[in-house]
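The values are calculated or read from the model by the stated rules, or taken from the named source; none is laboratory data. Predicted model only: the values in this text are computed from it and were never measured. Methodologically, a virtual Cβ is constructed for each residue, glycine included, from the backbone with ideal geometry; neighbour enumeration extends over all protein chains shown. These accessible areas exclude ligands, DNA and RNA; they are computed on the full protein's heavy atoms, side chains included. Shrake-Rupley method; radii C 1.70, N 1.55, O 1.52, S 1.80 Å.
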Amino acid sequence: MARIVGIDLGTTNSLVAYMKDGTPTVIPGRTGRTMVPSVVAMTDNGLIVGDPAKEHLTRSPERTVYSVKRFMGKGLADVQSELAYFPYTLTEKGGVIRIQLGEKTYSPPQISAMILKELKQRAEAHLGESITKAVITVPAYFNDSQRQATKDAGMIAGLEVLRIINEPTAASLAYGLQQRTQGTIAVYDLGGGTFDISILKLKDGIFEVLATNGDTHLGGDDFDRLLADVFIREIRERHSLDLTAYPDHMQAVRLEAERTKIRLSDELKTLATIELPDGKGAFTREVTRDQLEALAMALVERTLAPCRFALKDAGLTPAGIDEVVLVGGSTRMPLVRRRVQELFGKQPHCHLNPDEVVALGAAVQADILSGGTTDMLLLDVTPLSLGIETMGGVMSSLIRRNTTIPASAKELFTTYVDGQTGVDIHILQGERELTKDNRSLARFRLKVPPLPAGVPRIEVTFLIDANGILNVTAKDMRTGESQSIDVKPSYGLSDQEVERMIEDSFKFAAEDVGARKLIEARLDAGALITTTEKSLRDGSRLIAADVVSAIRAALSALNTAKDGSDPKAIRARMVELEQAAKPLSVAMVDESLKQALHGKKVTEVT
Amino acid sequence: MPVPLEAVMDHTHTHNPSGRRELQMARSMCWHCSSEVTGEYFCERCVKVQPVSKDVDYFTCLGFPRRLSIDQQRLEAKFYEMSRAFHPDFFQGKTPEEQTISLANSALLNTAYRTLRDPIQRAEYLLDLEAGAVKEIRTTPPADLFEEILELQDTLEEYRSADRTSAAGQQLRTKLQDEQQTLERRKTDMETHLQRLFAEWDALQDRGEATDAARATRDKILKQMREILSNRTYVKNIVNDLVATIS
C-alpha cells in the first residue's frame with residue numbers, strides 16, 4: 001500500500017508527519033522548520049504559501065489570507081461579527097464564503113488546498129516519492145459541513161483523504177503510543193482558532209472517546225485580537241491616529257500582539273513596539289502578564305463550560321480523570337494551565353510539543369490505516385446530535401451527540417396525501433430544540449411512488465462514517481429497491497464545483513512551480529547578499545581595491561536580478577557573485593588562520 | 001453430503017444456556033466464496049468479513065443471553081474484541097464490498113453496545129423485544145404523583161414570572177429545590193424497584209419453565225417494568241425542566 005502521511009491543517013500553522021520505523025516523525029522544510037504558517041499570499045508572480053507568504057501580511061494585507069480555517073464550511077452570515085478584522089474581501093456564493101484575491105475569488109477549501117499542496121511537496125521532497133494519500137485532522141467539534149470542506153480541500157490538493165480524524169484524539173494516539181498509559185485522560189486542545197475537549201478511555205490499545213465538546217470559534221487569534229484592540233485604542237488616544245484605516249499597520253499590530261502574548265508566557269513583562277504610519281514614529285508600551293491575563297480571563301473561562309459538559313456526558317467527575325494532556329500552542333499560556341489544573345484538580349501533562357503532537361497522531365492513524373500499526377484502535381464519537389426537521393420546525397434527533405462512530409439510524413417515511421410523489425427532508429446538526437437554532441446540513445427530496453396516502457414506506461438510513469461525515473441512503477420497503485439521493489449541502493461546495501477546482505488547481509500548478517522557484521531564488525539570493533556584505537565589511541582591507549569593486553558590482557547586479565521575476569537570472573548572478581567574492585573568502589580564511597597562530601582574533605586586531 | 005440439521009440449528013441458535021454464543025451471521029454461506037461459514041466473524045476459507053444479520057438482536061450480536069443484569073467488564077471486553085474485528089480502520093486496503101460490510105457491522109455493533117451498556121436502555125430494549133410495543137411516552141403524571149406534580153407546575157409557573165431576586169422569589173426557589181430532592185428520591189426508589197424486577201426476570205429466564213404460571217409471571221413482570229420505566233422517564237423530564245428553570 002502506498003504511503004499515507006498525517007497532516008495537521010491548523011488555523012495558524014500546518015505540519016506533515018509520517019511513521020518512520022515505528023516512530024511518528026514530523027517532516028521539516030528546507031530551512032529545518034517543521035511548521036508551515038497557514039498563510040497564502042497572492043503576489044504579482046503567483047500564489048505563495050507559508051513563511052514567504054507571512055512576509056506579505058504587512059506588505060499586501062488585502063491579498064494575503066491567514067486563519068482561513070475559520071471560514072471552512074461557513075456562510076458569510078456566520079462570520080459577520082468579525083469581518084472587520086480581516087483585511088481581505090469576503091463574499092459568498094452558493095452558501096460558501098469566497099475570498100477575493102486580485103481578480104479571482106477562492107473558496108476556503110481552495111486556499112486550504114494550497115497549504116496542503118505545500119505540505120505534500122514538502123513530504124515528497126523529503127521522502128523522495130509521490131504522496132497521494134493522507135489523513136487530515138480537524139477540530140473534534142467541527143460539524144459535517146466543516147469536515148466535508150476539509151475533505152474537499154484535500155481533493156483539490158490532489159490528495160485522497162483516507163480519514164478525517166479529530167485533533168484531540170490524534171493527540172491522544174501520539175501520547176498513548178509514547179506513554180503507554182492506561183486509564184481515563186482528558187485532552188484539552190486550545191489552538192489558533194478552535195477549542196476542543198475530549199475525554200478518552202485508554203485500555204489495551206483501544207482509545208475510546210467517551211465524550212467531546214468544544215467551540216470552533218475560540219483560540220489564540222482571539223487573545224491576539226483583544227491585545228491588538230488595546231494597542232489600537234491607545235494609539236488613537238496617544239497619537240490621534242486611527243490605525244484601522246491602514247490595513248498593513250493593522251496586520252503589524254496583530255502580529256506584535258501575538259508576539260507579545262507569546263513572550264508573556266515566559267516573561268512577566270515585555271515591551272511591545274509598533275511602527276506608526278506617516279513618519280509618526282513608533283508606539284511602545286509595556287505589557288505585563290497580569291494585564292494580558294485580565295484581558296484573556298473571560299476567554300479562558302469560556303473553555304471551562306465545554307469541559308464540564310464533556311465530563312457530564314462521559315458520566316465522570318474531575319476526580320475520575322487520571323491525566324490531563326495539553327495540546328495546541330495556546331496552552332503555553334500560564335493562565336490556561338492554571339485554570340485547567342484548577343478545574344481537573346491535577347497538574348496537566350505537557351511534556352509533548354503541543355505544536356507537533358496532533359500531526360504525530362495523524363501519522364499514527366495513517367499507519368493504522370495502512371496496516372502498519374495493528375495493536376491500536378481509535379473509537380471516536382460524533383460531536384453533535386444529528387436529526388431531521390419535523391412538523392412545527394422542531395428537530396427530531398436521530399443520532400445523539402457523543403455516539404461512537406460509525407453510527408447509523410433508520411427512519412421510515414410515508415405520505416400524507418394521496419398520490420404525493422415526494423417527501424422533503426431537511427437534515428440538521430445541533431443540540432437545540434428548534435430547527436432555526438441548529439445547523440442546517442443539507443436538504444433532499446425523497447422520491448415516492450404515487451399511491452394512496454400512508455401506503456408508501458421509504459426507509460432512509462443516516463450513517464455517520466468513521467470520518468464523522470454523513471451518508472444518506474433510501475430504500476423503498478415495498479419493492480426493496482434502493483434509491484439514490486442527491487443531497488444538497490447547505491454550506492458546501494457541490495461535487496461539480498469541487499471537480500472544477502481540482503482541474504483549476506492542475507492548471508495553476510505550472511504557474512505555482514514558477515512562483516515557487518522565484519521565491520526560493522530570492523530567499524537564497526537575500527541570504528548570499530547578507531553574508532557577502534558582512535564579509536566585505538570585515539575583510540575588504542585584506543584584498544585589492546579592484547577585487548572589492550568587482551564584488552560590489554556583482555552585488556548590485558544580484559540585487560537588480562532579485563527584484564526581477566526571473567529565477568534563472570537570479571541564480572546566474574548568484575554564481576557570478578560567488579566567483580567574484582572567492583578571493584575575499586580565501587583571504588579571510590588565511591587571515592583567521594594567521595590570527596589563530598598568533599592566538600588572536602581578527603576582531604581584536606582591528 | 002447433506003448438512004446435519006443439528007449443525008444448522010446450532011448456527012442460528014440465539015438462546016444457548018451453555019454460555020458461549022456464536023454470533024449469528026446473515027447467511028450461513030459466505031457472500032464471497034459461497035462456502036459454509038464456520039468462523040465467528042470471518043469466512044475461514046477466503047478470510048472475508050461476514051455481514052451481521054440486520055435481524056439479529058443486540059444481545060445476540062454481543063453474545064449475551066437476554067438478561068437484565070450484565071457483567072459490564074465482559075460486555076466492554078466483547079465490544080472491544082468485536083471492534084477490532086469490524087472497524088473500518090482495518091479495511092482500508094480491502095475491497096469495496098468488505099468496506100461496506102465493515103461499516104455496517106461497526107455501526108450495528110456500536111448501537112448494540114450503547115443500548116446494552118445502560119441498564120435503563122437495556123430494559124427498554126428488552127421490553128420492546130419481549131412485548132413488542134415501543135416505550136410509551138407519558139403526557140399525564142402517574143396517578144400517585146398527580147397532586148404533587150400539579151402543585152409543582154404551579155410553583156414553577158409562579159417562579160418564572162416572579163422577580164427572582166426578591167424575598168418571595170428566593171422562597172419559591174427554596175421550595176423548588178426541596179421539590180427537586182423529593183422527585184430525585186422518587187426516581188431512586190423507582191430504580192431500586194426496577195433492579196428487583198430485573199432480578200426476578202433473570203431468575204425466571206434461568207429457570208426456563210414453559211408453564212402457564214411462568215408465562216403469567218413473565219407478563220406481570222414486563223407490565224410492571226413498563227409502568228415504572230415510563231413513570232421514571234416522566235419524573236426525569238420534570239426534574240430536567242425544574243433544574244433548567246432554577247439554574
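Against the test of being in contact (Cβ under 8 Å) with a residue 40 or more places away in the chain, farther than 26 Å from A:Pro37 by Cβ and within 14 Å of chain B (Cβ to nearest Cβ), the options A:Leu210, A:Leu202 yield a single qualifying residue, A:Leu210. The one condition from (1) surrounded by fewer than 24 Cβ atoms within 10 Å (Cβ to Cβ); (2) more than 11 Å from every other protein chain (Cβ to nearest Cβ); (3) under 30 Å from A:Asp21 (Cα atoms) that A:Val358 does not meet is (1).
Taking the criterion of being open to solvent by 20 Å² or more (accessible area, probe 1.4 Å), among the acidic types (Asp, Glu) and in a strand (DSSP E or B), the only residue of segment A:176-217 that qualifies is A:Asp215.
Screening A:Gly422 on (1) open to solvent by 50 Å² or more (accessible area, probe 1.4 Å); (2) touching a residue at least 12 places away in the same chain (Cβ under 8 Å) shows it passes everything except condition (1). In the set (1) more than 18 Å from the chain's Cα centre (by Cα); (2) at the interface with chain A (Cβ under 10 Å from one of its Cβ atoms); (3) surrounded by 15 or more Cβ atoms within 10 Å (Cβ to Cβ), the condition left unmet by B:Asn110 is number (1).
Let's see how each residue does on (1) touching a residue at least 60 places away in the same chain (Cβ under 8 Å); (2) away from chain B (no Cβ under 14 Å):
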{"site": "A:Asn402", "(1), (2)": "yes, no"}
{"site": "A:Ser408", "(1), (2)": "no, no"}
{"site": "A:Thr435", "(1), (2)": "no, yes"}
{"site": "A:Pro456", "(1), (2)": "no, yes"}
{"site": "A:Ile464", "(1), (2)": "yes, no"}
{"site": "A:Val472", "(1), (2)": "no, no"}
{"site": "A:Asp476", "(1), (2)": "no, yes"}
{"site": "A:Glu481", "(1), (2)": "no, yes"}
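For A:Gly183, the requirement of being more than 14 Å from A:Asp8 (Cα to Cα) and more than 19 Å from the chain's Cα centre (by Cα) is met.
Residue pairs whose Cβ atoms lie under 7 Å apart, sitting 6 or more positions apart in sequence or on different chains, and linking a residue in segment A:362-375 that is more than 11 Å from chain B (Cβ to nearest Cβ) to a partner that is assigned to a loop (DSSP other than H, G, I, E, B) and β-branched (Val, Ile, Thr), are A:Val364/A:Thr373.
Which of the residues belonging to segment A:218-273 are of a type in the set (A, V, I, L, M) and in a loop (DSSP other than H, G, I, E, B)? The answer is A:Leu218, A:Leu241, A:Leu264, A:Leu268.
When B:Leu116, B:Leu126, B:Leu156 are checked against the criterion of being within 14 Å of another protein chain (Cβ to nearest Cβ), closer than 24 Å to B:Ser230 by Cβ and open to solvent by less than 20 Å² (accessible area, probe 1.4 Å), a single residue qualifies: B:Leu116.
Rundown of residues vs (1) buried (at least 24 other Cβ atoms within 10 Å of the Cβ); (2) at pLDDT 95 or above; (3) within 30 Å of A:Thr132 (Cβ to Cβ), yes/no style:
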residue	(1), (2), (3)
A:Ala305	no, no, no
A:Leu316	no, yes, no
A:Val325	yes, no, no
A:Leu335	no, yes, no
A:Arg338	no, yes, no
A:Pro348	no, no, no
A:Asn353	no, no, yes
A:Gly387	yes, no, no
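Per this entry, B:Thr245 is not counted among residues that are over 24 Å from B:Ala123 (Cα atoms), open to solvent by less than 70 Å² (accessible area, probe 1.4 Å), part of a helix (DSSP H, G or I) and without any contact (Cβ under 8 Å) to a residue 60 or more places away in the chain.
Of all strands (runs of 3 or more DSSP E) completely enclosed by segment A:13-69, which ones contain at least 3 residues that are at pLDDT 90 or above and open to solvent by less than 30 Å² (accessible area, probe 1.4 Å)? Lay out the reasoning, then the answer.
On the way: elements: A:13-20, A:23-26, A:39-43, A:46-49, A:64-66.
It comes to A:13-20, A:39-43, A:64-66.
In the list B:Gln92, B:Gln195, B:Gln180, which residue meets the criterion of being open to solvent by 70 Å² or more (accessible area, probe 1.4 Å) and at pLDDT 85 or above?
From the options B:Gln92, B:Gln195, B:Gln180, the qualifying one is B:Gln195.
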